[in-house]
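First up is the structure itself, then whatever we jot down about it.
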Amino acid sequence: MTKCDKTLFQSLKILLKVTKMPDQKTTSEKKLVKKPNYADILCGMGESRVMFRWRSSLWKLLWQELLAYTATFILISMVYRYTLTMEQQVQLEKLIRWCRHQSTGLPITFLLGFYVSLVVKRWWEQYCKLPWPDTVAIYLKGLVVGQPGKQRVMARVIRRTVIRYCLLAYILCIRRLSSRLKKRFPNMFELVKTGIVRSDEAMRIGNEESTEMYGSRWWIPLKWAIEVLTRAKKDGYITSAP
């Protein structure tokens, strides 16, 4: 048995071990217990729940700017009412009217609509560019097919190994951007416990604790997946390559 075959059989054992224990939860899953949303309890459903929500809300994003704007407005109002003389108040009102007249040239609603459409377009483009492992799995099902018997089992192991490597690369890449995924997999040890990566593979990848842009080695599982498919083609598991 070659080294590649041993690696594939070891991956099959890990996958079977994971599927045999669906009820056992890791420590990270036990920690991620969903806390009750007090906004849902107090305000119910609908618009009121959205307005009184704090987590991932507009209030949490803009509370500093809103506080600065409110403080500045109160300060200007106090200065206008209790510090300026009547003549100075008249001059300030003229300045306000002039600013209001200048702002009517280009409608604010037009600028806001253009800005919102641009933001939504960029968000949708980012969403569409997210990779989906389902497409890779469908192509592998039609591409890696062995003869009935031992080859059919090995072909299934090859497909699962490639998908496992794709998911591992996806997790290592997205966990640098997603806080929820970072909490689910804070280190490589949690990935080893879930069976998505073996301990020897985790040692080859590294700790993945660097915060630099090019400090991650998330591309290594994709390189392994290409090597597995190349070896499968040489062994005759891929007969109709595109």
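The values are calculated or read from the model by the stated rules, or taken from the named source; none is laboratory data. In this text the structure is predicted, and so the values were computed from the model without any measurement. All Cβ positions, even for glycine, are placed from backbone atoms using ideal geometry, and neighbour counts span all protein chains on display. Heads up: the accessible areas ignore ligands, DNA and RNA and are worked out on the full protein's heavy atoms, side chains in. Shrake-Rupley method; radii C 1.70, N 1.55, O 1.52, S 1.80 Å.
Results, tabulated for the structure shown:
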| read-out | value |
| --- | --- |
| Answer residue from the stretch 224-242, given it is outside any loop (DSSP other than H, G, I, E, B) and hydrophobic (A, V, I, L, M, F, W, C) and is farthest from D200 (Cα to Cα) among those | I238 |
| Total residues in the stretch 103-141, condition β-branched (V, I, T), part of a helix (DSSP H, G or I) and over 28 Å from C166 (Cβ atoms) | 5 |
| Any hit, the stretch 228-238, residues being buried (at least 17 other Cβ atoms within 10 Å of the Cβ), among the small types (G, A, S), touching a residue at least 24 places away in the same chain (Cβ under 8 Å) and in contact with a helix residue (DSSP H, G or I) (Cβ under 8 Å, 6 or more places away or on another chain) | yes |
| Criterion (more than 30 Å from S179 (Cβ to Cβ), β-branched (V, I, T) and open to solvent by 80 Å² or more (accessible area, probe 1.4 Å)) met by exactly one of T104, T72, T85 | T104 |
| Hits in the stretch 143-158 (condition: of a type outside the set (S, T, N, Q), in a helix (DSSP H, G or I) and open to solvent by 40 Å² or more (accessible area, probe 1.4 Å)) | L143, K150, R152, V153, R156 |
| Criterion (within 30 Å of R55 (Cα to Cα) and not polar (S, T, N, Q)) met by exactly one of L229, L143, L172 | L172 |
| In the stretch 120-131, residue farthest from C173 (Cα to Cα) [restricted to those that are surrounded by 10 or more Cβ atoms within 10 Å (Cβ to Cβ) and not basic (K, R)] | V120 |
| Residue identified as over 30 Å from M203 (Cβ atoms) and in a loop (DSSP other than H, G, I, E, B) among L84, L62 | L84 |
| Pairs with Cβ under 6 Å, 6+ apart, first in the stretch 195-217 and part of a helix (DSSP H, G or I), second surrounded by 11 or more Cβ atoms within 10 Å (Cβ to Cβ) | S199/V192; A202/M188; A202/V192; I205/R217; I205/I220 |
